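Report on the following structure.
The values are calculated or read from the model by the stated rules, or taken from the named source; none is laboratory data. All of these numbers come straight from a predicted model, not from anything done at the bench. As a convention, Cβ positions derive from the backbone with ideal geometry for all residues, glycine included, and neighbour counts pool all protein chains shown.
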Amino acid sequence: MMQDVPFIDLADPSVSVRSQPVKDARKASWYAKTPYGLAVLRHAQVQALLLHDKLRQGSHAWPDHNDVKGLFADWWGRTILVREGADHARLRKLVNAAFAPRIIHALRPSFEVLANELADEIVSKGECDFMSEFSDPYAARVLCMILGLPREEAAHVLEVSAQMGLALGVSFKENEEIIEKATHQMFAYADGLVENRRNMPGDDFMSTLVAASDDNDRLSDEELRDMIVMLVFAGIDTTRNQLGLGLAMFLERPDQWEILAANPELAPKAVEEVLRVRPTITWVTREAIEDFEYEGLTITRGTTLHLLSEAAGTDPSVFEPGFDITADRKRHFGFGGGVHHCLGHAIARSDMSVAFSILPPRITNIRPAGTPTYLPDSGNTGPKSLPIAFDIRG
């Protein structure tokens, strides 16, 4: 069966997971061969394999797939993202406290103040680079609010996290030196935070993490640093990318922007629609822990499966074509699924919905104002720059 299936060169930075060849492959088969293993392309199979008991989280192998060694690779192999079983559950339970619904609800007014503050700075100009002038500072300052970090440190953690984020794209190897330097900087930053909170504990989440590290049954010193680095790194990079991709979708469908402007209460649905059709996390990875059969295919132990979230989220057997923030949809996989679903999904949904409720009522006639630049459209993706122009809504 394998010799008859399509091949998608996901390792090629010029290959887009949204391209026609990927759509053609999805039509021909529920899976395709890639340089990394198998790509799963259809909604039903992605949903089933996310929860399959013969698969584990597969991202631990990403540095090896790219022939990368060093500090980032070592840290990556220890993180909560790739831990399994009771070890994963223990770490997840500890961090979940930061993302409780009451905390998210309490932070929402602060998100609204921040979104309006950044909007004030761009609205009167009639144009901006959406990434550098809204998405980047918004994501970084939100993260600082959540973790109790000083706001003036937002620019630094944004820069370092964006450089580390290059590791999650298909250009990992060519950016290895930048990523290693940024990882060293992030480790030093985390060590400084720990020392500060041990000397002057507060009532913020970071102080709670540091206090937990004194209990050897819960969080070791290494786990503490690894967790802080993951929270800062992932908390900024995915949100900034997803906001940019969302704005890019609205540039293609300005009619949807106008619907949102008239009905800002649709912002949560708009976020879900963006996550469905233009997710920053373009695939979720699993790895076979033993040989097993699935839909006539023998999947051998150690095989990597990339479950393509955009391909599944736009599968025509499940979804009507198009981008419609008013539509009721079946579930998407923009935040993964199963025990490894994104830790910060509730915060990300909240802060993005705030941004998409604040901006549309203030600006109209949004349009491109230059050539945007993007990370490769595989792995974790998003705009590096997104110049736009707009009119003040009367």
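List of remarks:
- Enumerated helices (runs of 4 or more DSSP H) restricted to segment 168-276, each holding at least 3 residues that are under 20 Å from the mean Cα position of the chain (by Cα) and either surrounded by 22 or more Cβ atoms within 10 Å (Cβ to Cβ) or at pLDDT 85 or above (or both): 176-199, 221-252
- Of the criteria (1) part of a helix (DSSP H, G or I); (2) among the basic types (Lys, Arg); (3) within 27 Å of TYR36 (Cβ to Cβ), which one ARG301 fails: (1)
- Of residues in segment 332-365 being surrounded by fewer than 20 Cβ atoms within 10 Å (Cβ to Cβ), in contact with a Phe, Trp or Tyr (Cβ under 7 Å, 6 or more places away or on another chain) and not small (Gly, Ala, Ser), the one farthest from VAL22 (Cα to Cα): THR364
- No other residue among THR280, THR285 is in contact with a Phe, Trp or Tyr (Cβ under 8 Å, 6 or more places away or on another chain), modelled with pLDDT under 95 and surrounded by 15 or more Cβ atoms within 10 Å (Cβ to Cβ) apart from THR285.
- Which listed residue is surrounded by 18 or more Cβ atoms within 10 Å (Cβ to Cβ) and over 27 Å from ALA234 (Cα atoms), from ALA44, ALA39, ALA73, ALA25: ALA25
- Pick from segment 85-107, criterion among the charged types (D, E, K, R) and over 20 Å from the mean Cα position of the chain (by Cα), ranking: nearest to GLY337 (Cα to Cα): LYS93
- Test: PHE205 is more than 21 Å from LYS384 (Cα to Cα), of a type in the set (Phe, Trp, Tyr) and touching a residue at least 40 places away in the same chain (Cβ under 8 Å): yes
- Within segment 139-160, residues that are part of a loop (DSSP other than H, G, I, E, B) reach partners that are of a type in the set (S, T, N, Q) with beta carbons closer than 8 Å, at six or more positions or on different chains, in the pairs GLY148/SER207.
- Residues in segment 15-40 that are in a loop (DSSP other than H, G, I, E, B) and hydroxyl-bearing (Ser, Thr, Tyr) were compared, and the one that is farthest from TYR374 (Cα to Cα) is SER29.
- In summary, GLU290 fulfils each of the numbered conditions (1) more than 21 Å from PRO372 (Cβ to Cβ); (2) assigned to a helix (DSSP H, G or I) with the single exception of condition (2).
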